[in-house]
Amino acid sequence: ALTARFSALRASGGGEVQLRENYGPHGARQVESLAAAAGLHFKRYGRGTNTVLVTSTEPLPNYRPELDARHGTRQAEVALDDAEAARLKA
């Protein structure tokens, strides 16, 4: 099934396939070898149950915030005086 998806991806000339199923470390290595055999780029993002396997015709970056489950969850309070708050609104 994956080889057919990878072949279709290669034939289309662009795009990527994101696999969110839990393949485990051994399965991820198998997907990586299938992608390499098809001439595609492969990258594993995340760890544990949040792992996303991405295969693409283009080189992939080391970090993708849209695939990071923890991205955007950190918030910090910043105290501003009135002058700074007015400057930010402008």
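Accessible area of the chain with a 1.4 Å probe: how many percent of it is carbon plus sulfur?
Reported share for carbon and sulfur atoms: 50 percent.
Modelling each spin label as a point 7 Å along the Cα-to-Cβ direction, I'd like the residue 78/residue 90 distance in nm, to one decimal.
1.7
Might you tell me the accessible area per residue for the chain, computed with a 1.4 Å probe and given in Å²?
74
List, largest first, the extents of the alpha carbons of the chain along their principal axes, each in whole Å.
So the three principal-axis extents are 60, 29, 17 Å.
Using the alpha-carbon atoms, what tilt in degrees (0 to 90, nearest 10) does helix 24-37 show relative to the longest principal axis of the chain?
Compared with the principal axis, the helix lies near 70 degrees.
The values are calculated or read from the model by the stated rules, or taken from the named source; none is laboratory data. Computed from a prediction, not measured in an experiment: that's the story for all the values here. Every residue, glycine among them, receives a Cβ derived from its backbone with ideal geometry; neighbour counts consider all protein chains shown. These area figures cover heavy atoms from the full protein model, side chains too; ligands, DNA and RNA do not enter into them. Shrake-Rupley method; radii C 1.70, N 1.55, O 1.52, S 1.80 Å.
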